[in-house]
Amino acid sequence: MTTVSMTVNGKSVSGDVEGRTLLSAFLREDLGLTGTHVGCDTSQCGACVVHVDGKAVKACSVFAGECDGSEVTTIEGMANADGSMGTIQQAFQDYHGLQCGFCTPGMVMSAAALLAENPTPSEAEIRHYLEGNICRCTGYHNIVRAIQAASGQDVAPVAAE
Amino acid sequence: MPKDHGIGASNKRREDVRFLTGRGKYTDDINLAGQAYVHFVRSDVAHGTINKIYTTAAAAADGVVGIFTGADFEGVGGLPCGWQVTDRHGNPMQEPPHPVLAQGKVRHVGDPIAAVVATSYEAARDAAALLDVDIAELPAVVDMKAAVADGATKVHDELESNLCYDWGFVEENRDAVDTAIKNAHHVTTLELVNNRLIPNAMEPRVAVGAYDPTNDESTLYTTSQNPHVIRLLMGAFVLGIPEHKLRVVAPDVGGGFGSKIFHYAEEAFCTFAAKQLKMPVKWTAQRSESFMTDAHGRDHVTKIELALDAEGHFQAIRTETYANMGAYLSTFAPSVPTWLHGTLMAGNYKTPLIYVNVKAVFTNTVPVDAYRGAGRPEATFQLERVIDVAAREMGIDPVELRRKNFVTEFPYATPVAVEYDTGDYNAVMDKALEIADVAGFDARAAASQAAGKWRGLGINTYIEACGIAPSALVGQLGARAGLYESATVRVNATGGLVVMTGSHSHGQGHETAFPQVIAEMIGIDESMVEVVHGDTANTPMGMGTYGSRSLAVGGSAMVRATEKIINKAKKIAAHLLEASADDIELKDGQFSVAGTDKSVAWGDVTLAAYVPHNYPLEDIEPGLEETAFYDPSNFTYPAGAYICEVEVDPDTGKVTIDRFSAADDFGNVVNPMIVEGQVHGGLAQGIGQALLENCAYDENGQILSASYMDYAMPRADDVPMFSVDHSCQTPCTHNPLGVKGCGEAGAIGSPPAVVNAVVDALQRNGRDVRHIDMPLSPSRVWSAMNG
Amino acid sequence: MHNFELVKPTTIADAVSALGGEDAQALGGGQTLIPTMKQRLAAPAVLVSTAGIDEMKGVCLDDNGRLCIGGATTHATVAAEAAAHYPGLAALASTIGDPAVRNRGTIGGSLANNDPAACYPAGVLGSGAMVVTNSREIAADDYFQGMFTTALDEGEIITEVKFPVPEKSNYQKFLQPASRFALTGVFVAKFGGGVRVAITGASEDGVFRWTAAEEALSADFSTGAVDGLSMAADGLINDLHGTPAYRANLCKVLTVRAVNAAA
Ligand SMILES: Cc1cc2nc3c(=O)[nH]c(=O)nc-3n(C[C@H](O)[C@H](O)[C@H](O)COP(=O)(O)OP(=O)(O)OC[C@H]3O[C@@H](n4cnc5c(N)ncnc54)[C@H](O)[C@@H]3O)c2cc1C
Ligand code: FES
Ligand code: FES
């Protein structure tokens, strides 16, 4: 066991971990931040995406010990200071960008990383950027629209009857 | 004006807030004090005899609290099958036992042999590495036709053969169909494969078992679409625990698509071990385990013949299908290739004679069961493909050929035992042609050609039977369960309502859509209604969510319960208003006496129900809570027309879906936003089946696509923006909401559209390709193009 | 996975000495090693992370105009920082995996692993780059020795890779639809002295040079030069995603496309 310390969603935390403890396990089990999901064991689904030092990273594919001293942001840290949902989160609700919600934390974190790099991505750029995030429910249509909307682009409202 | 409230409004989903902020509660988020963790040692061979299991070293490893093998489950029941099919000759299907942990033999890669329970997952896995299993490998049975050939190795030694059943439907039509085909002007024959799929809900399965010795109660938290069904199957058939001593909770569930309907060994194991070890026992599937333990879908090999007269009228259809059951019968497996498939072979067409033969086969592969659409995609695919081929053979436009044969008068009794209540197939076809801008196809094809790409157009229709289903009918068909749904509506003293439903939401948005119905009925705001689901302790016995049944069946139960509430409330209001109950009207949350200005508010009536000071106690009981069980009188029959436009890269065979349009008739729609989302998701799954997904086995029964490295899931850049429409609405005639169900349509209707489009692109460019089996990978398309 | 001790040296020398211990293994971005360890296919006792070794990170030009990339440099960094100097290679890096993978995965890890469907091997072999380790320099032509096999010795780490910069280059990656690695990928580099064509994803022997195409393109760098060539299907990979004949076709189609797109 070694002790790791990091800043998670703005709070300093520390814990004792084994060498093999993954960041995803540290977040979920030690810190109780169960918003970060684990959907695979081959680093492909993206349900676990968090930000480490400002960059999107698959929390299932990095050891907690490697993040000693890092700044980590998870889905739990994406709301506004007053507790209301952040722009991307709100757009996902407004445009029905989620169904079962399992891929959603990773999608939101990837979307945030994309918008930080590219504030007004095209549809094709969004689809390409989400290459490492699998969603089985939505067919991606409304995820793409939610991200476009979150970036301030005009998007037709959902399902006009 | 779009509605902003009640039925027909695209209310934003209230469940989203917890999902978007990381506060969803999925089964893996549940950790009980003192819990242990189980790791299953699974077979890495497809077929073998277990000689001996050496557990001593593992049992001595750090942190191990228990090791279980098949021997510990002697005297415990096996996993039951919920559907018994009767074969062509009137005999029951062959039904082998399905032990929780393998006994004597292993029958597929992933079959659980032993379970190591320890204080952490890693400790359990470390110990499992010390457990030694001596297995004598046997030849694996993989190919279905070889499995039923004389002298084939048997998957189950105690059965006569690997044939589970040989089913004929409708058996009485067999000779007439043969004759019609023999005498037909034209017969189109097509042999095809409906590829095996792995459902891949993004949340892997999880089970947490707990036991409370103070009251002898067991609790199972599990990733299920139907907690009551699991309680009944596991309690009554496996572990012998009566319902009142067993609670099953399915909290937030990260997608199901059928794969979380079934009762799985791991659920029974965790419940059993928790009681034995007197500590909670948790299992979280690793995705690589999901690939070899979640029930797979589809896997049919079919020959279909369509007989037509000279004008193109359908005369008869004959099919022969081999349907893979895998190594054991999963919960509803036998029903999928039969009642969910044979009954749909009429499609949207008035074919007078149909005969469907299905041979269900045991193989050394993972069990196969319902996956989004279940049986109906298989029916739709073969029918819509053979019609397309027939149209080309006869030189008739594929749309015209379909229109010529559409059922246009309702109700319509098909020759395969079901009766369509309503529909308008020309209307959805017209709508699809319009939203797809088929008129502009030629110009787009020319533009593609100029860019070196081949464009193709694929069109098809589909019909499905969902909202399952009348209990009496399914009982006759072999179901060992009823298929009603339940709801309890509890009105609180201050007027708020709680709906406790037997349905289960794992993405479908019940918590948002169900209140819209009640809000409409009573005339109150949705925020006054809360939905509770997923816990047998606080919901009435219900059959759960699958087969696009939540709103059609579960919603109907809720409507019935709410009607009872309203009736009683009217009596209370009548008392308060000193009027006759018959004269009371409910509108916008106010009860009024017809033709007067006397009224009383909803909240006053509900308060009176619980504070019955001025109350007709001699006539009615206090309180305001009602339960209804709704058993539908028929299936519902959503239908639609789908149009796909592809571009094929002639150099590489890569298919790109450029446009996809879906016009569906779901009857009435409660929340259009949710309905569209369901269609989008179904389309992506259907496109995935058509272009990408394939669970392949080698001849030794090893899965070749056992992870996302080889099992191609549709990603964001594999699909286009979809154009969907549900404005053609012929309401269901037999449920109170007039709804038909929308959950499976996309997955049912889209695969033939994609394949039709690719074949069209190749034929337009002079390639004589009649059919390509799914998935239409670049390599397969290129090989077909290059003969 | 089995437990291990994680060590985080800050110099190459410390890393090399840590790797001298029993069952010690280098950890780059972990994007291959961690999933492998989850399957218990690798069980090191000590993992030596290269992430904290500054002298192994970054992109620069040396005095000979070669582009030098530190062995612990992530794919994302190469995609961003090599773009001005060697656009073909930067573009290759930007096609590896997905953004999260590119933020962790390193060139050293990718080359050490030498997956037969990986992208960097095509760029390195196609450039005729030099793989620099803690103890020697290995020419690309000697470095790749078949699927998952390289010239590296036990405990040897890739500290840097030096790329001669071609006049024009391009990488064409045809996606394996599930893993999104290269079903086949072709890197074409046109140098003053000739053309190199390296192909990944296709051969059972890992990345290789298509010498017939190199000769034809060296004589005439145009798509027409490749027209008359065809690749033999023998020895090409046969799997769920493509037959040998299909891969042979892709080799040619992608080479033509790379020549067309070379910049
Ligand atoms: C979802 C996903 C998609 C991917 N897609 C692609 C793709 O399209 N194309 C592609 O090419 N790759 C792809 N990869 C692989 C990715 O590029 C990896 O990052 C890379 O192969 C390994 O690099 P790493 O730094 O992560 O190495 P690690 O995983 O840390 O290590 C891999 C191996 O290299 C050794 N090693 C690490 N660093 C060094 C060093 N400096 N010197 C010597 N040995 C070292 C390790 O001991 C280990 O044996 C993908 C990976 C994932 C998870
Ligand atoms: S859990 Fe699937 S990529 Fe991390
Ligand atoms: S919302 Fe269910 S997986 Fe994306």
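Please state the shape class of the range A:2-78: rounded when a/c is under 1.5, otherwise prolate if a/b exceeds b/c and oblate if not, all from the C-alpha gyration tensor. Judged from the Cα gyration tensor, the range A:2-78 comes out oblate (a/c at least 1.5, b/c at or above a/b). The Cα-based radius of gyration and maximum Cα-Cα distance (Dmax) for the range A:10-154 are 14.8, 48 Å. Distance from the alpha carbon centroid of the range A:54-108 to that of the range B:314-392 works out to 42 angstrom.
DSSP loop GluC sites (Glu not before Pro) in the range B:325-412 with at most 11 other Cβ atoms within 10 Å of their Cβ, which ones?
Working: sites: B:Glu378, B:Glu384, B:Glu393, B:Glu400, B:Glu409; in loops: B:Glu409.
When the GluC sites (Glu not before Pro) of the range B:325-412 are filtered for loop state and at most 11 Cβ neighbours within 10 Å, B:Glu409 remain.
Size descriptors for the range B:397-556 (Cα atoms only): Rg and Dmax, in that order, 22.3, 71 Å. A dipole drawn for chain C from +1 and -1 charges on Cβ atoms has a positive end, and of C:Thr95, C:Val188, C:Asn114 the residue lying farthest that way is C:Thr95. Gyration tensor analysis over the Cα atoms of the range B:282-378 returns equivalent ellipsoid semi-axes of 33, 12, 10 Å (largest first, whole Å).
Note on chain C: with a GNM built from Cα contacts shorter than 10 Å, the maximum mean-square fluctuation among C:Gly123, C:Gly146, C:Gly70 falls on C:Gly146. Taking amide hydrogens as placed 1.01 Å from N in the peptide plane, the amide H of A:Arg20 sits under 5 Å from those of C:Phe4, each at least 5 positions away in sequence or on another chain.
Please give the peptides B:93-103, B:640-650, C:218-228, A:20-30 ranked by average Cβ packing (other Cβ atoms within 10 Å per residue), highest first, as a rough proxy for protection. Walk me through the numbers before you get to the answer.
Values: B:93-103: 20.3, B:640-650: 27.5, C:218-228: 13.8, A:20-30: 22.4.
Going from most to least packed, we get B:640-650, A:20-30, B:93-103, C:218-228.
Rounded, prolate or oblate: which fits the range B:1-145, taking a ≥ b ≥ c as square roots of the Cα gyration tensor eigenvalues, rounded meaning a/c under 1.5, else prolate when a/b beats b/c? Working shown, then result.
Values: a/c = 2.84, a/b = 1.32, b/c = 2.15.
Here the range B:1-145 falls in the oblate category.
Distance from the C-alpha centroid of the range C:16-89 to that of the range B:37-53: 39 Å, rounded to the whole angstrom.
Where the convex hull is taken over the Cα atoms of the range A:87-150, what is its projected area averaged over directions, in nm²? Please report the intermediate quantities before stating the final value.
Working: hull surface 14.1 nm².
The number I arrive at for the range A:87-150 is 3.5 nm².
Which whole number gives the average, over all residues in B:703-713, of C-beta atoms from other chains lying within 10 Å of the residue C-beta? All intermediate terms of the calculation are to be shown ahead of the outcome.
Details: counts 0, 2, 3, 1, 8, 11, 10, 7, 5, 8, 8.
For this peptide, the per-residue mean of nearby foreign Cβ atoms is 6.
So if I average 1/r over every pair of distinct C-alpha atoms in the range B:325-397 and take the inverse, what Kirkwood radius in Å does that give? Could you put the intermediate results ahead of the total?
Values: mean 1/r = 0.0732 Å⁻¹.
When all Cα pairs of the range B:325-397 are included, the Kirkwood radius is 13.7 Å.
Dividing the helix sum by the residues of the protein assembly as shown, where each DSSP H run of 4 or more adds -39500 (n - 2.57), gives a mean residue ellipticity at 222 nm of -7500 deg cm²/dmol. Based on Cα atoms of the range B:484-630, Rg over Rh with Rh as the Kirkwood radius reads 1.00.
Averaging 1/r over every pair of different alpha carbons in the range C:1-49 and inverting the result gives a Kirkwood radius of 10.8 Å. For the residue pairs B:Lys275/C:Lys38; A:Lys58/C:Lys252; A:Lys55/C:Lys57; A:Lys11/B:Lys278; C:Lys38/C:Lys162, alpha carbon separations beyond 26 Å are given by B:Lys275/C:Lys38; A:Lys58/C:Lys252; A:Lys11/B:Lys278; C:Lys38/C:Lys162.
In whole percent, and with a 1.4 Å probe on the protein chains, what portion of the accessible area of the range C:168-262 is carbon and sulfur?
Values: 1520 of 3310 Å².
Carbon-and-sulfur percentage of accessible area, whole number: 46.
Using the alpha-carbon positions of the protein assembly as shown, Rg (one decimal) and Dmax (whole number) come out as 30.8, 105 Å.
Solvent-free Debye calculation, one equal scatterer per alpha-carbon of the range B:450-543: log10 I(q)/I(0) at 0.11, 0.12 Å⁻¹ equals -0.51, -0.57.
Using C-alpha pairs under 8 Å with a sequence gap of at least 6, the mean separation divided by the residue count of the range A:41-159 gives a relative contact order of 31 percent.
The Cα atoms of the range C:63-135 give a gyration tensor whose axes a ≥ b ≥ c have a/c under 1.5, which makes the shape rounded.
In Å, the Kirkwood hydrodynamic radius of the range B:645-787 over pairs of distinct alpha carbons?
On the way: mean 1/r = 0.0600 Å⁻¹.
Taking every pair of different Cα atoms in the range B:645-787, averaging 1/r and inverting gives 16.7 Å.
Summary value for chain B: 15 percent relative contact order, contacts being C-alpha pairs under 8 angstrom separated by 6+ residues. Beyond 30 Å in Cα-Cα separation lie the following of the pairs B:Lys182/B:Lys740; B:Lys303/B:Lys654; B:Lys145/B:Lys453: B:Lys182/B:Lys740; B:Lys145/B:Lys453. Stokes-Einstein diffusion for the range B:691-750, with the hydrodynamic radius set to the Kirkwood value over Cα pairs and evaluated at 4 °C in a medium of 1.567 mPa s, equals 84 µm²/s. Shape analysis of the range C:168-262 based on the Cα gyration tensor places the equivalent ellipsoid semi-axes at 22, 13, 11 Å, largest first.
Ranking C:Leu250, A:Gly35, B:Ala201 by how far each Cα lies toward the positive end of the dipole of the protein assembly as shown (charges on Cβ) leaves C:Leu250 at the top. For B:Lys568, the lysines whose Cα comes closer than 23 Å to its Cα, not counting residues fewer than 8 places off in the same chain, are B:Lys587, B:Lys598.
How long are the semi-axes of the equivalent ellipsoid of chain C, taking √(5λ) for every eigenvalue λ of the Cα gyration tensor, in whole Å from largest down?
Numbers: eigenvalues 192, 87, 44 Å².
Largest first, chain C gives 31, 21, 15 Å.
Can you compute log10 of I(q)/I(0) for chain B with the Debye formula, treating each Cα as one identical point scatterer, at q = 0.07, 0.10, 0.11 Å⁻¹? So the normalised log intensities work out to -0.53, -1.05, -1.23.
The values are calculated or read from the model by the stated rules, or taken from the named source; none is laboratory data. Since the structure is predicted, the reported quantities are computational estimates derived from the model, not experimental observations. Because the Cβ atoms are built from the backbone with ideal geometry, glycine has one as well, and the counts that use them run over all protein chains shown. Keep in mind that these areas ignore ligands, DNA and RNA; they rest on the heavy atoms of the full protein, side chains included. Shrake-Rupley method; radii C 1.70, N 1.55, O 1.52, S 1.80 Å.
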